[in-house]
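**Q** One structure, as structure tokens, below. Some questions next.
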Amino acid sequence: MLLGVSVEPIILVVGDEELLVERAVGEVVASVRAGDPDTEVIDLAPGGLEPGRISELTSPSLFGGGKVLVIRSAQDLGKDLAAEVLKYARTPADDVVLVALHPGGAKGKALVDGLTKLKARKIVCPKVTKVGERVDFVRAEIRRAGGKISADGARGLIDAVGNDLRELAAACSQLVADTGGKIDDAAVARYYRGRAEVSGFTVADKAIEGQLADALEQLRWALATGVPPVLIVSALAQGVRGLAKVGGAPRGARGAALAKDLGMPPWKIERVQKQLRAWSADGVARAITVVAEADAAVKGAAADPAYALERTVAEIVAARG
């Protein structure tokens with residue numbers, strides 16, 4: 001307890017996802033300062049610590065006031081310093097919160113185990129590496145900002161922005177502010193129209209799903225904002241080839257083995273499997289032919305590439321039927 005605010009005196013943050021680690025520290029500091037706005041925050045790194053320094057910083061001050069001690073790279077603390085931290089954690093001061101940051105792994109694990117045994121509050125911030133985890137992160141960020149987004153919309157945003165969590169978090173906040181909170185594929189495309197790949201893939205998805213009006217709207221918008229026709233054809237080609245690859249996969253194949261065989265992420269396979277429900281083998285073959293003709297058209301065979309693309313989208317939708 002710190003000055004009437006319920007904040008654990010010892011907090012262990014484990015993980016190497018920088019954004020999440022910084023957020024964890026920020027939330028601890030904010031909670032403490034809610035009770036004492038004058039709380040001092042002291043950042044400490046092993047390289048600048050000497051034995052006895054922890055004891056000095058946690059000793060009662062003549063001037064009063066609370067402190068938050070943030071020990072970064074705790075895995076690099078020497079044996080003596082780690083022992084000092086553990087000794088302090090057994091009888092922590094009332095007006096001090098100690099936050100130890102550890103990236104995980106074997107180095108310095110004795111400190112992690114020791115603090116865990118002493119009932120330190122543990123916050124885990126693992127690296128976000130899988131597509132599904134990033135989708136969950138985006139959806140949580142949108143909810144955190146007061147909005148709502150579908151899994152497909154989250155994937156579209158990741159395709160547009162990339163995998164960096166800081167950029168994704170900023171994009172989520174901006175989208176909620178710009179849209180009022182309800183975010184769909186069209187909103188993602190509208191606010192990230194500078195991303196040619198997303199524009200093309202949005203057109204492809206709409207066409208493959210039979211949404212002719214939406215597909216044509218996205219196509220005209222993409223062309224108007226300077227997306228090269230060849231990139232749109234490339235996205236259409238990837239979309240219909242995905243139908244062919246997933247549709248031609250051995251019956252019973254699924255999961256990681258199927259993803260490896262097809263060279264596609266599992267979430268993409270699931271999306272294509274849903275799209276395939278409205279497609280026949282003849283329809284997929286026809287769509288492949290249509291896209292091949294479009295490729296030739298935008299590379300010089302057609303006088304008007306925009307018209308050729310509109311016709312291609314319409315023919316893909318018709319082939320789906």
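The values are calculated or read from the model by the stated rules, or taken from the named source; none is laboratory data. The structure presented is a predicted model; accordingly, all values stated were derived computationally and were not measured. For neighbour counting, all protein chains shown are included, and Cβ atoms are generated from backbone atoms with ideal geometry for every residue, glycine included.
**Q** Within region 157-189, can you find the residues that are closer than 18 Å to residue 217 by Cβ and at pLDDT 80 or above?
**A** Within region 157-189, 179, 183 qualify.
**Q** Does region 170-187 contain any residue that is among the polar types (S, T, N, Q) and under 19 Å from the mean Cα position of the chain (by Cα)?
**A** Of all residues in region 170-187, those among the polar types (S, T, N, Q) come to 173-174, 179.
Then drop every residue that is not under 19 Å from the mean Cα position of the chain (by Cα), which leaves 173-174.
Checked against the condition, which is being among the polar types (S, T, N, Q) and under 19 Å from the mean Cα position of the chain (by Cα), region 170-187 yields at least one hit.
**Q** Could you look through region 250-277, keep only residues that are modelled with pLDDT of 85 or more, closer than 23 Å to residue 292 by Cα and within 26 Å of the chain's Cα centre (by Cα), and pick out the one that is surrounded by the fewest Cβ atoms within 10 Å (Cβ to Cβ)?
**A** Among those that are modelled with pLDDT of 85 or more, closer than 23 Å to residue 292 by Cα and within 26 Å of the chain's Cα centre (by Cα), it is 273.
**Q** Using beta carbons and a limit of 8 Å, which pairs, at least six apart or on different chains, have the first residue in region 293-313 and in a loop (DSSP other than H, G, I, E, B) and the second one surrounded by 18 or more Cβ atoms within 10 Å (Cβ to Cβ)?
**A** Going by the 8 Å Cβ cut-off, the qualifying pairs are 302/308.
**Q** Additional query: When residues of region 86-116 are filtered for being closer than 19 Å to residue 16 by Cβ and either within 30 Å of the chain's Cα centre (by Cα) or surrounded by 16 or more Cβ atoms within 10 Å (Cβ to Cβ) (or both), how many remain? Can you show your working first?
**A** Of the residues in region 86-116, the ones closer than 19 Å to residue 16 by Cβ are 99-113, 115-116.
Filter once more, so that each one left must be either within 30 Å of the chain's Cα centre (by Cα) or surrounded by 16 or more Cβ atoms within 10 Å (Cβ to Cβ) (or both): 99-109, 111-113, 115-116.
Qualifying residue count for the region: 16.
**Q** Right, here's the next one. How many of the residues in region 44-55 are surrounded by fewer than 16 Cβ atoms within 10 Å (Cβ to Cβ) and either modelled with pLDDT of 90 or more or at positive phi (or both)? Can you show your working first?
**A** At the first step, the residues of region 44-55 found to be surrounded by fewer than 16 Cβ atoms within 10 Å (Cβ to Cβ) are 45, 47-48, 50-53, 55.
Keeping just the survivors that are either modelled with pLDDT of 90 or more or at positive phi (or both) gives 52.
Selection size over region 44-55: 1.
**Q** Within region 221-249, track down each residue that is more than 27 Å from the chain's Cα centre (by Cα), without any contact (Cβ under 8 Å) to a residue 40 or more places away in the chain and under 18 Å from residue 298 (Cα atoms).
**A** Correct list: 224, 226, 228.
**Q** Checking the structure you have, find out if any residue of region 144-161 is touching a residue at least 40 places away in the same chain (Cβ under 8 Å), crowded, with 19+ Cβ neighbours inside 10 Å and assigned to a helix (DSSP H, G or I).
**A** For region 144-161, residues touching a residue at least 40 places away in the same chain (Cβ under 8 Å), crowded, with 19+ Cβ neighbours inside 10 Å and assigned to a helix (DSSP H, G or I): present.
**Q** Still on this structure, please answer the following. Assess whether residue 83 counts as being surrounded by fewer than 17 Cβ atoms within 10 Å (Cβ to Cβ) and modelled with pLDDT of 90 or more.
**A** Working: surrounded by fewer than 17 Cβ atoms within 10 Å (Cβ to Cβ): yes; modelled with pLDDT of 90 or more: yes.
The answer is yes for residue 83.
**Q** For residue 24, all conditions in the list (1) under 29 Å from the mean Cα position of the chain (by Cα); (2) at pLDDT 90 or above; (3) closer than 19 Å to residue 65 by Cα hold save one; what is the number of the exception?
**A** (3)
**Q** Going through 44, 77, 57 one at a time, which residue ends up being touching a helix residue (DSSP H, G or I) at 6+ places or on another chain (Cβ under 6 Å) and either under 22 Å from residue 14 (Cβ atoms) or assigned by TED's automatic domain parsing to the domain that holds residue 118 (or both)? Give the derivation first.
**A** Working: 44 fails: touching a helix residue (DSSP H, G or I) at 6+ places or on another chain (Cβ under 6 Å); 57 fails: touching a helix residue (DSSP H, G or I) at 6+ places or on another chain (Cβ under 6 Å).
Only one candidate qualifies: 77.
**Q** Across region 170-186, which residue is farthest from residue 18 (Cα to Cα) among those that are buried (at least 20 other Cβ atoms within 10 Å of the Cβ) and of a type outside the set (Asp, Glu)?
**A** First pass over region 170-186, keeping only residues buried (at least 20 other Cβ atoms within 10 Å of the Cβ): 171-172, 175-176, 183, 185.
Next, from what is left, pick out any that are of a type outside the set (Asp, Glu): 171-172, 175-176, 183.
Working: 171: 17, 172: 18, 175: 23, 176: 23, 183: 27 Å.
For region 170-186, the residue satisfying everything is 183.
**Q** Can you find, within region 114-143, the residue that is farthest from residue 90 (Cα to Cα) among those that are of a type in the set (D, E, K, R) and in a strand (DSSP E or B)?
**A** Our first condition is that a residue be of a type in the set (D, E, K, R); within region 114-143, this holds for 117, 119, 121-122, 127, 130, 133-134, 136, 139, 141, 143.
Keeping just the survivors that are in a strand (DSSP E or B) gives 121-122.
On the way: 121: 13, 122: 16 Å.
By that ranking, first place goes to 122.
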